[in-house]
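Asker: Structure incoming, see below.
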Amino acid sequence: MKQKSSFYYRYLSWTQKRELVSFIEQPLDNLPKGSAAYNEAYKFNSYIKMSKVKVKKNKIEVKIRIPETPGGQSRLNAIWNQIVDKISRMNGRAFALSSNKAEDSYFYVIEGTRIKH
């Protein structure tokens with residue numbers, strides 16, 4: 001089997017970050033610009049865009065930025081299990097994932113190691 005290049009894993013990390021951010025973000029299309037709901041969703045999305053995904057051959061690390069607003073934190077906590085499942089599905093369930101919400105004060109961390117078949 002041919003070894004995959006580091007470019008492949010950087011590209012995979014980039015595409016998965018984009019997909020994950022679009023999964024978590026709140027839609028702004030239906031909200032009136034300048035309203036309190038629009039501003040809250042905009043702030044939430046700004047924090048989520050600071051998230052990081054790093055995929056390597058045998059390891060994955062996802063850091064999701066914690067919004068500084070209480071409403072944003074509760075929204076993120078409400079969909080947390082869906083986020084972990086989404087990451088697992090994006091990688092073909094090839095990683096055993098564990099999540100840690102207390103490790104970093106700015107990011108929720110999801111780590112995983114490749115499952116040997």
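The values are calculated or read from the model by the stated rules, or taken from the named source; none is laboratory data. Treat the numbers as computed from the prediction; the structure is a model and nothing was measured. A quick note on method: Cβ atoms are made from the backbone with ideal geometry, for glycine too, and the neighbour counts reach across all protein chains shown. Note: areas computed on protein heavy atoms with side chains; ligands, DNA, RNA excluded. Shrake-Rupley method; radii C 1.70, N 1.55, O 1.52, S 1.80 Å.
Asker: May I ask you to list the residues in segment 88-103 that are touching a strand residue (DSSP E or B) at 6+ places or on another chain (Cβ under 7 Å) and either within 21 Å of Gln73 (Cα to Cα) or outside any loop (DSSP other than H, G, I, E, B) (or both)?
Answerer: Once the filter is applied, which keeps residues that are touching a strand residue (DSSP E or B) at 6+ places or on another chain (Cβ under 7 Å) and either within 21 Å of Gln73 (Cα to Cα) or outside any loop (DSSP other than H, G, I, E, B) (or both), segment 88-103 yields Ser88, Phe95, Ala96, Leu97, Ser98, Ser99, Asn100, Lys101, Glu103.
Quick grid of which residues meet (1) open to solvent by less than 50 Å² (accessible area, probe 1.4 Å); (2) touching a residue at least 24 places away in the same chain (Cβ under 8 Å); (3) under 25 Å from Gly92 (Cα atoms):
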| position | (1), (2), (3) |
| --- | --- |
| Ser6 | no, no, yes |
| Tyr11 | no, no, yes |
| Leu20 | yes, yes, yes |
| Asn30 | no, no, no |
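Asker: Next question, about the same structure. Restricting to segment 76-96, give me the number of residues that are closer than 20 Å to Tyr9 by Cβ, among the aliphatic types (A, V, I, L, M) and surrounded by 17 or more Cβ atoms within 10 Å (Cβ to Cβ). Full working, then the answer.
Answerer: Pass one, segment 76-96, residues closer than 20 Å to Tyr9 by Cβ: 86-96.
Filter once more, so that each one left must be among the aliphatic types (A, V, I, L, M): 87, 90, 94, 96.
Narrowing the set further to residues that are surrounded by 17 or more Cβ atoms within 10 Å (Cβ to Cβ) leaves 87, 90.
Residues in segment 76-96 being closer than 20 Å to Tyr9 by Cβ, among the aliphatic types (A, V, I, L, M) and surrounded by 17 or more Cβ atoms within 10 Å (Cβ to Cβ): 2 in total.
Asker: Still on this model: When you check Pro27 against the structure, is it of a type outside the set (S, T, N, Q), part of a loop (DSSP other than H, G, I, E, B) and touching a helix residue (DSSP H, G or I) at 6+ places or on another chain (Cβ under 6 Å), yes or no?
Answerer: On the way: of a type outside the set (S, T, N, Q): yes; part of a loop (DSSP other than H, G, I, E, B): yes; touching a helix residue (DSSP H, G or I) at 6+ places or on another chain (Cβ under 6 Å): no.
Judged against the criteria, Pro27 is not a match.
Asker: Checking Gly72 against (1) surrounded by fewer than 17 Cβ atoms within 10 Å (Cβ to Cβ); (2) part of a helix (DSSP H, G or I); (3) in contact (Cβ under 8 Å) with a residue 24 or more places away in the chain: exactly one of these is not met. Which one?
Answerer: (1)
Asker: Sticking with this one: In segment 32-50, which residues are part of a helix (DSSP H, G or I) and either in contact (Cβ under 8 Å) with a residue 60 or more places away in the chain or open to solvent by less than 90 Å² (accessible area, probe 1.4 Å) (or both)?
Answerer: The answer is Ala36, Ala37, Tyr38, Asn39, Glu40, Ala41, Phe44, Asn45, Ser46, Tyr47, Ile48.
Asker: Yes or no: segment 51-65 includes at least one residue that is part of a helix (DSSP H, G or I) and either of a type in the set (D, E, K, R) or open to solvent by less than 30 Å² (accessible area, probe 1.4 Å) (or both).
Answerer: no
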